[in-house]
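As structure tokens, the structure follows; a few thoughts come after it.
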Amino acid sequence: MSVLNAVLRAAVDGLLSPFRGLSPWVGLAVVSILTAVPMLLVFRATSNQTALAAVKKQIHAGLFEIRLFNDDLRAIMRAQLHILRQNLSYLRLSLPPMLWIVPPLVLLFAQLQFHYGYRGLEVGQPALLEATIRESALDGATGKPTLRLDVPDGLRVETPPLWIASESRFSWRIAAERQGDYTVKLGFAGQEVEKSVHAGERVVLRSPERLAPTFVNQLLYPAEPPLPGDGPFSAVSIGYPERALSLFGLETPWWVVYLGLLFLVILALRNAFGVTI
């Protein structure tokens, strides 16, 4: 999973690099076009297009029957049952292409989340940096353990470390003095890990958490390599604010915008590719 994430991370980051200084809408529009085309090709290749077209005609016929016999309750009920059966057939026929489309789409969503789901740190505004120690690394010790935190020029630590013993977690408040990409280093029990930090508004890869190397963690948090499995840390996180896009004056999650654009592109291109959806 680590190798796959590294390849996808490099590919998506390279694809979006020309749009880093532009509105998030631009990059999402480009990605929606680039994903709609292979989705249409896969749907056409893996679905029974003839059967889907026939089912859609049956659904339209049922809707027409309801309009034609709108004063006949029995006919309306019969038409609704017919439409329900045809919709179930449509779902059955759509399942094979979905089995091909959904897994890569999930991987793409995970990558896009860390480009469009978070804003960078604002210069001068504090953010929470946290590091969780494995219970096994504490070895039953009581009291506050010793942990080293090194920050580069451009970042400052505003508070001493707060040790939350019940959660085996250290917390600091840090702030960026200028925009840029940074790497903080944390050392414990003779081992060291790094955590990326970004300050600024550009659309770049941001990783809010670096976690232990489980399959679920690597699937959901692919923006950085996982923590060493035999290391003392189980999690290192930075508190990035969430990003929302403006849609008709409303704050909207990026994935709603992306899915809306993807749907519109698919509708616009389906006839050109000869695909019945």
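The values are calculated or read from the model by the stated rules, or taken from the named source; none is laboratory data. The structure displayed is predicted, hence computed values, not measured ones. Neighbour counts are summed over all protein chains in view; Cβ atoms, including those assigned to glycine, are modelled from backbone coordinates with ideal geometry.
Evaluate the following for V203: is it part of a strand (DSSP E or B), in the same structural domain as T146 (by TED's automatic domain parsing), closer than 25 Å to G154 by Cβ and of a type in the set (A, V, I, L, M)? The answer is no for V203. Among the residues of region 222-259, the one identified as surrounded by 19 or more Cβ atoms within 10 Å (Cβ to Cβ) and acidic (D, E) is E224. Within region 34-45, does at least one residue satisfy the condition of being farther than 24 Å from V256 by Cβ and of a type in the set (S, T, Y)? No: zero hits. Is it the case that region 113-124 has a residue that's surrounded by 17 or more Cβ atoms within 10 Å (Cβ to Cβ), closer than 30 Å to S32 by Cβ and either without any contact (Cβ under 8 Å) to a residue 60 or more places away in the chain or among the hydroxyl-bearing types (S, T, Y) (or both)? For region 113-124, residues surrounded by 17 or more Cβ atoms within 10 Å (Cβ to Cβ), closer than 30 Å to S32 by Cβ and either without any contact (Cβ under 8 Å) to a residue 60 or more places away in the chain or among the hydroxyl-bearing types (S, T, Y) (or both): present. Taking the criterion of being among the acidic types (D, E) and assigned to a loop (DSSP other than H, G, I, E, B), the residues of region 143-199 that qualify are D153, E158, E177.
Scanning region 208-251 for residues that are among the acidic types (D, E) and in a strand (DSSP E or B) turns up E209, E242, E251. The residues of region 260-277 that are surrounded by 15 or more Cβ atoms within 10 Å (Cβ to Cβ) and in a helix (DSSP H, G or I), listed by number, are L261, L262, V265, I266, L269.
For region 11-28, the criterion of being out of contact with any helix residue (DSSP H, G or I) (no Cβ under 9 Å at 6 or more places or on another chain), farther than 29 Å from L220 by Cα and exposed (fewer than 15 other Cβ atoms within 10 Å of the Cβ) is satisfied by no residue at all. Any residue at all in region 123-136 that's of a type in the set (S, T, Y), out of contact with any His (no Cβ under 9 Å at 6 or more places or on another chain), assigned to a helix (DSSP H, G or I) and assigned by TED's automatic domain parsing to the domain that holds R178? Scanning region 123-136 turns up at least one residue that is of a type in the set (S, T, Y), out of contact with any His (no Cβ under 9 Å at 6 or more places or on another chain), assigned to a helix (DSSP H, G or I) and assigned by TED's automatic domain parsing to the domain that holds R178. For region 184-208, a tally of residues being under 17 Å from the mean Cα position of the chain (by Cα) and closer than 16 Å to P225 by Cα returns 4. Within region 29-51, the set of residues being farther than 30 Å from P213 by Cβ, crowded, with 18+ Cβ neighbours inside 10 Å and within 17 Å of the chain's Cα centre (by Cα) comprises A29, S32.
Listed by first and then second residue, the pairs linking a residue in region 82-103 that is under 13 Å from R44 (Cα atoms) to a residue that is hydroxyl-bearing (S, T, Y) and in a helix (DSSP H, G or I), with Cβ atoms under 6 Å apart and 6 or more places separating them unless they lie on different chains, are P96/T46; P97/T46; W100/T46. The set of residues from region 218-233 being over 17 Å from F188 (Cα atoms) and in contact with a Phe, Trp or Tyr (Cβ under 6 Å, 6 or more places away or on another chain) comprises just one member, A223.
In the set (1) out of contact with any helix residue (DSSP H, G or I) (no Cβ under 8 Å at 6 or more places or on another chain); (2) closer than 30 Å to F170 by Cα, T252 fails one condition alone, (2).
Let's see how each residue does on (1) of a type in the set (V, I, T); (2) touching a Cys at 6+ places or on another chain (Cβ under 6 Å); (3) exposed (fewer than 11 other Cβ atoms within 10 Å of the Cβ); (4) modelled with pLDDT of 90 or more:
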{"site": "L138", "(1), (2), (3), (4)": "no, no, no, no"}
{"site": "D150", "(1), (2), (3), (4)": "no, no, no, yes"}
{"site": "D153", "(1), (2), (3), (4)": "no, no, yes, yes"}
{"site": "R156", "(1), (2), (3), (4)": "no, no, no, yes"}
{"site": "T159", "(1), (2), (3), (4)": "yes, no, no, yes"}
{"site": "L162", "(1), (2), (3), (4)": "no, no, no, yes"}
{"site": "S166", "(1), (2), (3), (4)": "no, no, yes, no"}
{"site": "E177", "(1), (2), (3), (4)": "no, no, no, yes"}
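The residues of region 205-260 that are closer than 15 Å to L112 by Cβ and among the acidic types (D, E) amount to a single one, E242. Of the candidates Q86, Q80, the single residue that is closer than 30 Å to Q58 by Cα and crowded, with 16+ Cβ neighbours inside 10 Å is Q86.
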